[in-house]
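Structure record follows, encoded as structure tokens.
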Amino acid sequence: MVGVIFDLDGTLWNISSICTDAWNQAIKIANIPRTTITEDDINRVSGLPFIECVKSIFPDIGEENLDKIYLLIEEWEKQEIKTRGGTLYKGVSEYLDTLSGQFPLFLVSNCEYWYLQAFLSMPLNSSNTSKTFRDIFVDSECFGRTQKPKAENIIAICQRNSLKKAIYIGDTESDRLAAMKAEVDFIHVSYGFGYAESANLKSAASFSEVVDILLTLINPPSVAIESKLSRI
């Protein structure tokens, strides 16, 4: 069985503005002497485990304050995401809904477990709030639950779902390296937060291009599938 595995941040949705607001609220409450956090700051650490994001943005913070600011930022992120949700990239909900009827879809992210669950609980689209992303993803894994590197989580998804072939889709060089280590194919999305380096890199500038590349890597779908996708 062939499986399609997606990264989350910078691949399916963008919540940089929400995270920026949450981080700024947290440092204000914690009275941390630092200039305002920007979206560029958040984008720069996107894809890292959450604790590494905190350490990167606050390199001089002492260990005695690390847990305090970590928990405070997490609390504010939970509130902001619950209230405001995230912004899906164009075509994500429509294409994923269609693809899920043809191929098993999976999620592997370096995010926290609660964060992954927040995404999976989101309605697929505003016109059908009864169907969530949990309904279209067969399985998912994250650093927050396993405390393991992304490559190991990709391998775990492949093993427990008996995937003979898998394709990982992400937006950073670390995503490409994780896919390579897990020995699965990789598609880079250039519309995300990072870059990837490879002589034979398959790169998509939009989510619709992701689908086009997928269909060339997986066994050719039926004419009906191609026609349905083309109308989205």
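The values are calculated or read from the model by the stated rules, or taken from the named source; none is laboratory data. Because the structure is a prediction, the values reported are computed rather than measured. Backbone-built Cβ (ideal geometry, glycine too); neighbour counts: all protein chains shown. In case anyone asks, the SASA skips ligands and DNA or RNA and just uses the protein heavy atoms, side chains included. Shrake-Rupley method; radii C 1.70, N 1.55, O 1.52, S 1.80 Å.
Computed values, structure above
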quantity	calculated
Distance cut-off 13 Å, percentage of C-alpha pairs in segment 129-205 lying past it	69 percent
Probe 1.4 Å, protein heavy atoms only - accessible area per residue of the chain in square angstrom	49 Å²
Size of segment 84-131 as Cα extents on the principal axes (Å, biggest first)	28, 25, 20
At most 10 other Cβ within 10 Å, DSSP loop - GluC sites (Glu not before Pro), segment 154-206	197
Sites residue 64 and residue 148, calculated FRET efficiency, Cβ-Cβ separation with R0 35 Å, nearest 0.05	0.80
Relative contact order, percent, segment 1-124 [alpha-carbon distance under 8 Å, six or more residues apart]	46 percent
Label-reachable residues, segment 172-204, where backbone N falls under 14 Å from a point 7 Å from residue 159's Cα toward its Cβ	182-183
Sites residue 132 and residue 2, calculated FRET efficiency, Cβ-Cβ separation with R0 35 Å, nearest 0.05	0.90
Net charge, residue 3 excluded, C-beta distance under 10 Å - Lys, Arg +1, Asp, Glu -1	+1
Residue 181/residue 44 FRET efficiency (R0 30 Å; Cβ-Cβ; nearest 0.05)	0.85
Stokes-Einstein D for the chain, Kirkwood Rh over Cα pairs, 4 °C, 1.567 mPa s (µm²/s)	71 µm²/s
√(5λ) per eigenvalue of the Cα gyration tensor, segment 40-121, largest first, Å	30, 13, 12
Choice from 170, 194, 62 showing the highest fluctuation, given a GNM over the chain with Cα pairs closer than 10 Å	62
Qualifying chymotrypsin sites (Phe, Trp or Tyr not before Pro) in segment 151-207, DSSP loop, other Cβ atoms within 10 Å at most 15	195
Sulfur and carbon atoms: percent of accessible area, segment 147-225 [1.4 Å]	51 percent
Accessible surface of segment 1-82, 1.4 Å probe, proportion on carbon and sulfur as whole %	49 percent
Dipole moment magnitude, nearest 20 debye, segment 1-122 about Cα centre, only Lys, Arg, Asp, Glu C-beta charged	220 debye
Lysine pairs with alpha-carbon atoms under 17 Å apart, segment 1-120, spacing 8 or more or separate chains	4
Acute angle (nearest 10 degrees) that the helix 173-182 long axis makes with the longest principal axis of the chain, alpha-carbon atoms	60 degrees
